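Notes follow the structure.
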Amino acid sequence: MKASAASAECVIVGGGVSGLYAARLLTKLGIDWCLLEGRKTAGGRILSPAAPQATASHRSVRRGGFDLGPSWYWPEYQSDLARLVEHLRLEAFPQFELGDMVVERAAAGSPSRLPGYRSVPQSWRLAGGMGALVEGLRGGLDAERIHFGQVVRRLEIHAGQILLIARDERGETTLWQGNKVLLALPPRLAAQSLVFEPALAEPLLSDWSAVPTWMAPQAKYLAVYEKPFWREQGLSGEARSALGPLQEIHDASLPDGPAALFGFLGMSARDRRRWPESDLLDACREHLGRLFGAPAAAPLAQFYKDWAMDPLTATATDADTIADHVPAPSAAPDVGPWAGRIQGIASEWAKEYPGYIAGALESATVGVRSISRS
Ligand SMILES: Cc1cc2nc3c(=O)[nH]c(=O)nc-3n(C[C@H](O)[C@H](O)[C@H](O)COP(=O)(O)OP(=O)(O)OC[C@H]3O[C@@H](n4cnc5c(N)ncnc54)[C@H](O)[C@@H]3O)c2cc1C
């Protein structure tokens, strides 16, 4: 085991939006922090890979931005997130929804074309994808305090300090130390993947474990095209299918090209596991062809992300259940050795917007306020 690599007043576990936003708030308050992130990159459930080479003629190619995690936010009512987007000078644009939608109800007959509808309130996207928000948040942080590839396994209290034991991909263990810990990973993942010594009180652990990690059972397929050819036919790019493999499809084009369609898979995580990924991709591609015509079956590039298979997002419990947003559990123990020492700040701990990006900002704000007062 490596000796303690660093100690900080506050150790943040997780480098998604909640962890990065907490780091930003701690920096403003002058509180010493370090952040341990299990993946090699920041963002957590936000994943916005770059456009492929084949579309290099487009200006936006440099910025990347096809969202395989979250795509939307709702500035009309998520005002803190809207202010942050403005403050970071990110470019936002409304989800493209003009035109008819395609609906596929039964195997017999071709899909029908129906009048589309506008979402209310309007869903907005970011140029460069939601990854632009992650980059914006990271830009204001001291990079030396962020440690990637550190999967925290255990938290122990020794001589009044919290020791965090993390492992990297080579299996090497590193010891980190702090006075307070912000858990910026989903409550279910914290309860099921971290060991607390002394143990956390059982009712709290069960409450955390019972909270579904929002969207963890989902998988997204995204196909990239030179042009949004469906728009020329008066279609919005939106579709619903009862047959699958895709269930709900939307236009995912970047503001100044390239074009794209994305769909959520309608199969359960358990069923997806039975398919080789290449077969799934072929089935999704063919499905888009069925819904939007032959050009849709010939994308320039395809992306696929199954969140249920990602151990730094989902647990086996998430893969089995599709659940809606649930009320947030208590974010911290009231009594016992961990009281006042740890606090959950991932999105699922938010009271107003649990599970959403806006919720990640909300619970990070509450968590930082609470540790800065104690
Ligand atoms: C497919 C999909 C679509 C979505 N659509 C939307 C949308 O349109 N709008 C919206 O508002 N929200 C949406 N969401 C939800 C949104 O992505 C989340 O609310 C938000 O990203 C949560 O951020 P977070 O920081 O709380 O958690 P996460 O992003 O889950 O971050 C947790 C971080 O902790 C790290 N971690 C986990 N375990 C450990 C460990 N043991 N040690 C160290 N690090 C660890 C992870 O690697 C990760 O980086 C969607 C999510 C998905 C998956």
Which condition number does Ala190 fail, the rest of (1) in a helix (DSSP H, G or I); (2) more than 8 Å from the ligand (Cβ to nearest atom); (3) closer than 16 Å to Trp338 by Cα being met?
-> (2)
Given the conditions (1) surrounded by 19 or more Cβ atoms within 10 Å (Cβ to Cβ); (2) more than 15 Å from the ligand (Cβ to nearest atom); (3) modelled with pLDDT of 95 or more; (4) among the hydroxyl-bearing types (Ser, Thr, Tyr), and given that Thr55 satisfies all but one, which numbered condition is not satisfied?
-> (3)
Check off (1) touching a strand residue (DSSP E or B) at 6+ places or on another chain (Cβ under 7 Å); (2) closer than 23 Å to Gly355 by Cβ for Gly136 and give me the number that stays unchecked.
-> (1)
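Mind checking which helices (runs of 4 or more DSSP H) fall wholly inside region 266-374 and carry at least 3 residues that are closer than 29 Å to Pro245 by Cα?
Numbers: elements: 269-273, 277-292, 316-320, 357-373.
Counting at least 3 such residues, we get 269-273, 277-292, 316-320.
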Matching residues in region 311-339 (crowded, with 16+ Cβ neighbours inside 10 Å, touching a Lys or Arg at 6+ places or on another chain (Cβ under 9 Å) and not hydroxyl-bearing (Ser, Thr, Tyr)) number 7
Determine the pairs where a residue that is without any contact (Cβ under 8 Å) to a residue 40 or more places away in the chain, located within region 183-197, has a partner that is part of a helix (DSSP H, G or I) and more than 9 Å from the ligand (Cβ to nearest atom) with Cβ atoms under 7 Å apart, the partner being 6 or more residues away or on another chain.
-> Ala191/Leu205; Ala191/Trp208; Ala191/Ser209
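Where residues in region 1-50 are of a type in the set (Val, Ile, Thr) and away from the ligand (no atom under 14 Å from the Cβ), which of them is surrounded by the fewest Cβ atoms within 10 Å (Cβ to Cβ)?
Here the answer is Thr27.
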Some residue of region 149-170 being surrounded by fewer than 19 Cβ atoms within 10 Å (Cβ to Cβ), among the acidic types (Asp, Glu) and within 11 Å of the ligand (Cβ to nearest atom) = yes
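Which ones in region 306-362 are among the hydrophobic types (A, V, I, L, M, F, W, C), over 19 Å from Gln192 (Cα atoms) and out of contact with any Phe, Trp or Tyr (no Cβ under 8 Å at 6 or more places or on another chain)?
Applying the first criterion (among the hydrophobic types (A, V, I, L, M, F, W, C)) to region 306-362 yields 307-309, 312, 314, 316, 319, 322-323, 326, 328, 331-332, 335, 338-339, 342, 345-346, 349-350, 357-358, 360-361.
Pick out the ones that are also over 19 Å from Gln192 (Cα atoms) and you get 335, 339, 350, 357-358, 360-361.
Answer for region 306-362, where residues must be among the hydrophobic types (A, V, I, L, M, F, W, C), over 19 Å from Gln192 (Cα atoms) and out of contact with any Phe, Trp or Tyr (no Cβ under 8 Å at 6 or more places or on another chain): Val335, Ala339.
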Just give me the residues in region 225-257 being touching a Ser or Thr at 6+ places or on another chain (Cβ under 6 Å) and buried (at least 24 other Cβ atoms within 10 Å of the Cβ), in sequence order.
-> Leu254
Within region 98-119, is even one residue within 30 Å of Pro329 (Cβ to Cβ) and touching a Gly at 6+ places or on another chain (Cβ under 6 Å)?
-> no
Residues located in region 111-148, provided they are more than 11 Å from the ligand (Cβ to nearest atom), polar (S, T, N, Q) and at pLDDT 95 or above = Gln122
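Residues Trp275, Trp230: which one is in contact (Cβ under 8 Å) with a residue 24 or more places away in the chain, more than 16 Å from the ligand (Cβ to nearest atom) and over 30 Å from Gln343 (Cα atoms)?
Details: Trp275 fails: in contact (Cβ under 8 Å) with a residue 24 or more places away in the chain.
Every option except Trp230 fails the conditions.
The values are calculated or read from the model by the stated rules, or taken from the named source; none is laboratory data. This one's a predicted model, so the numbers in the text were calculated from it and none came from an experiment. FYI the Cβ positions are ideal-geometry reconstructions off the backbone, even for glycines, and counts take in every protein chain you see.
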